[in-house]
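K.L.:
The following block contains the structure, expressed as structure tokens.
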Amino acid sequence: MRPEPRLIEVRKNVLKQNDLVARSLRERFHRDGVFVVSLVSSPGSGKTAFLEKTLTQLRPNYRVAALVGDLATENDAVRLARSQAPVKQITTGTLCHLEAAMVQNAIDGWDTGPLDFLFVENVGNLVCPSSYDLGEDLRLVLISVTEGEDKPLKYPTIFNSADVAIVTKMDLAAAVEFDWEAANSNIQAVRPGMPVFRVSSKTGEGMGRYLEFLAARLDELRQTAV
């Protein structure tokens, strides 16, 4: 039997180490009663606008903070800071995804005070982030109505690694002739039973139902921990 290529062996070791760090992070977050949500999407899906809206609407009733990953700039962190929630940038350089060790390094020494929710915005990419556990409780995969209905079929791995799908920019759905039934059918074909929320960061459509879902999941986490 031919030995596996060295590249595959290295990748397995990297992912194994990542999983160990992610497990440690998850245990730490659960001890502290923090519900962690990660967001993945392609560039231009409206992920940052959606997260800004989420932070702004949660902040009056919950203690929230966010980590945001990007290759080079701090533009997204500056934008999210408008929510008045604590925000920290993770600059990945050439890496097209966040890793658990990056999250660990970012939160160590970061004095946010007690938190209810920590959001982690990944680098815009629908391929690399699927392999890396970040210690989150919930992974959201976002697709916008402007990207077309077949994204789940083109990138099934990221949808299979996510827990919830968010369809963004619903205020543009009619203008781009977005077929909701087709999109939902494709999501369910890849990940049967996946919850899907249709939202607009601009108009607020669907945000209430989505935030109620998050609040319920936080309650579940804390009841389990008791």
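K.L.:
Find all pairs meeting these conditions: Cβ atoms under 6 angstrom apart; at least six residues apart or on different chains; first residue within region 137-151 and basic (Lys, Arg); second residue open to solvent by 20 Å² or more (accessible area, probe 1.4 Å).
P.N.:
If the second residue must be open to solvent by 20 Å² or more (accessible area, probe 1.4 Å), the pairs left are Arg139/Asp163.
K.L.:
Here is a further query. Has region 93-109 got at least one residue that is open to solvent by less than 60 Å² (accessible area, probe 1.4 Å), at pLDDT below 85, in contact with a Leu (Cβ under 9 Å, 6 or more places away or on another chain) and under 17 Å from Val141 (Cα atoms)?
P.N.:
Scanning region 93-109, I find at least one residue that is open to solvent by less than 60 Å² (accessible area, probe 1.4 Å), at pLDDT below 85, in contact with a Leu (Cβ under 9 Å, 6 or more places away or on another chain) and under 17 Å from Val141 (Cα atoms), so the answer is yes.
K.L.:
Cβ-Cβ below 7 Å, separation at least six or inter-chain, first residue in region 108-134 and touching a residue at least 12 places away in the same chain (Cβ under 8 Å), second part of a strand (DSSP E or B) and open to solvent by 10 Å² or more (accessible area, probe 1.4 Å): which pairs?
P.N.:
Hits for this filter: Trp110/Lys88; Val123/Asp70.
K.L.:
Being assigned to a loop (DSSP other than H, G, I, E, B) and buried (at least 22 other Cβ atoms within 10 Å of the Cβ) is the filter here, so list the residues in region 35-45 that pass it.
P.N.:
Result: Ser45, single match.
The values are calculated or read from the model by the stated rules, or taken from the named source; none is laboratory data. Because the structure is a prediction, the values reported are computed rather than measured. With ideal geometry, Cβ positions are generated from the backbone for all residues, glycine too; neighbour counts draw on all protein chains shown. All accessible areas refer to the heavy atoms of the entire protein, side chains included, with ligands and DNA or RNA removed. Shrake-Rupley method; radii C 1.70, N 1.55, O 1.52, S 1.80 Å.
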